[in-house]
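To start, the structure under review is shown below, and the notes come after it.
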Amino acid sequence: MQTKSILNSLSDLVRGKRVLVTGSTKGIGFYAARELASLGARVAIVSRSPENVDKAVNEIREYSDYEPLGIVADLTTREGVEKAVFDAEKQLEGLDGIVFNIGNIGCEPCYLHEARYEDWVEAALRHTVAPGYLASVFARLVLEKKRKGTIIFLSSVSVKQPMPIFVLADTARAGLVQLSKSIALQYADKGLRAFTVLLGSFDTPGARKNIQKMAERLGISFEEAWKRFVLEATPLKRVAKPEELGALLAFLLSPFSDYMNGSTLVFDGVLSKCA
């Protein structure tokens, strides 16, 4: 009964809100879109793969009884960013929020000495240019329509406690903290809010792929690497749950987080050892 009451309260925070979730056909982005849809938000998902979009739409519909809007767009291009925002705005008849997520850099996990020029370009496109331009396009919409909007950047706690084997993503993502604060400083009185969420570990295909690569480098089994680098890395001895992320996003998309505008939130199960 208590769980049902909590879910009803969370639903009250986001029911009917129109939210674009990027990188949302797999992994953490998919969890974010699915949980928001289950809480009553009107969700648009986006990926550059039509097949992945169709599959995710069906899975979210079966899970939440809501069919999300599916958008095919490549967020590493200007045209893709614009298409994602404008299609969501048009099809949802408005856009109240964006949850930014994007897939991993192709070469990672890789160390600094292994990174090529092309890898750094990809890192910048995925973790700096894409969220930055997405914010620019959305900010113009908010100002033009004279309405409120929220951007939530999903990042990694490793920008606080770097992992050298993910140096490209850690470096490129670090700027999202400044981006959120800059948005809040400039546009808070105009209705635009921004947050950065530093995530810990989730059980996703991407996470398992990375751990498998790390296991192969170290000459240990996947199970041992998962235990060492994921489960035993936190005192909770577990990964984050999708519904925990959904609850946090619901709060951030609601008016109750207004005074926190511009904040960086750590959501890592005490994975990081620093403040």
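The set of residues from the stretch 128-161 being without any contact (Cβ under 8 Å) to a residue 60 or more places away in the chain, part of a strand (DSSP E or B) and either closer than 30 Å to Met214 by Cα or over 16 Å from the mean Cα position of the chain (by Cα) (or both) comprises Gly149, Phe153, Ser155, Ser156. Is it true that some residue in the stretch 230-243 is surrounded by 14 or more Cβ atoms within 10 Å (Cβ to Cβ), within 24 Å of Ile98 (Cα to Cα) and polar (S, T, N, Q)? No, the stretch 230-243 contains no residue that is surrounded by 14 or more Cβ atoms within 10 Å (Cβ to Cβ), within 24 Å of Ile98 (Cα to Cα) and polar (S, T, N, Q).
Inside the stretch 200-229, can you point out the residues that are closer than 27 Å to Thr150 by Cα and open to solvent by less than 20 Å² (accessible area, probe 1.4 Å)? Gly200, Phe202, Thr204 - these are the residues of the stretch 200-229 that are closer than 27 Å to Thr150 by Cα and open to solvent by less than 20 Å² (accessible area, probe 1.4 Å).
Scanning the stretch 158-183 for residues that are farther than 20 Å from Phe86 by Cβ, touching a Leu at 6+ places or on another chain (Cβ under 8 Å) and modelled with pLDDT of 95 or more returns a single hit, Val167. Surrounded by fewer than 20 Cβ atoms within 10 Å (Cβ to Cβ) and aliphatic (A, V, I, L, M): which single residue out of Leu112, Leu95, Leu75, Leu39 fits that description? After applying the criteria, what remains is Leu112.
Being in contact with a helix residue (DSSP H, G or I) (Cβ under 9 Å, 6 or more places away or on another chain), outside any helix (DSSP H, G or I) and among the small types (Gly, Ala, Ser) is not true of Ser11. When the helices (runs of 4 or more DSSP H) confined to the stretch 27-127 are screened for residues that are over 30 Å from Met163 (Cα atoms), those reaching at least 2 such residues are found at 27-38, 50-64, 78-91. You will find that of Gly70, Gly94, the residue that is within 24 Å of Ala194 (Cβ to Cβ) and either modelled with pLDDT of 95 or more or β-branched (Val, Ile, Thr) (or both) is Gly94 and no other.
Does any residue of the stretch 186-201 turn out to be aromatic (Phe, Trp, Tyr) and more than 17 Å from Ser263 (Cβ to Cβ)?
In the first step, residues of the stretch 186-201 are kept if they are aromatic (Phe, Trp, Tyr); the result is 187, 195.
If we keep only those that are more than 17 Å from Ser263 (Cβ to Cβ) as well, we get none.
The answer is no, given that none of the residues of the stretch 186-201 is aromatic (Phe, Trp, Tyr) and more than 17 Å from Ser263 (Cβ to Cβ).
This table checks each residue for (1) part of a loop (DSSP other than H, G, I, E, B); (2) of a type outside the set (Val, Ile, Thr); (3) over 17 Å from the mean Cα position of the chain (by Cα).
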| residue | (1), (2), (3) |
| --- | --- |
| Met163 | yes, yes, yes |
| Asp170 | no, yes, no |
| Leu176 | no, yes, no |
| Ile183 | no, no, yes |
| Val197 | no, no, no |
| Arg217 | no, yes, yes |
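For the stretch 244-268, the candidate set comprises residues that are open to solvent by less than 60 Å² (accessible area, probe 1.4 Å) and in a strand (DSSP E or B); within that set, the residue that is farthest from Ser201 (Cα to Cα) is Thr264.
The values are calculated or read from the model by the stated rules, or taken from the named source; none is laboratory data. Please read these numbers as outputs of a predicted model, since none were measured by experiment. Reconstructed Cβ throughout: ideal geometry from the backbone, glycine too, with neighbour counts over all protein chains shown. All accessible areas refer to the heavy atoms of the entire protein, side chains included, with ligands and DNA or RNA removed. Shrake-Rupley method; radii C 1.70, N 1.55, O 1.52, S 1.80 Å.
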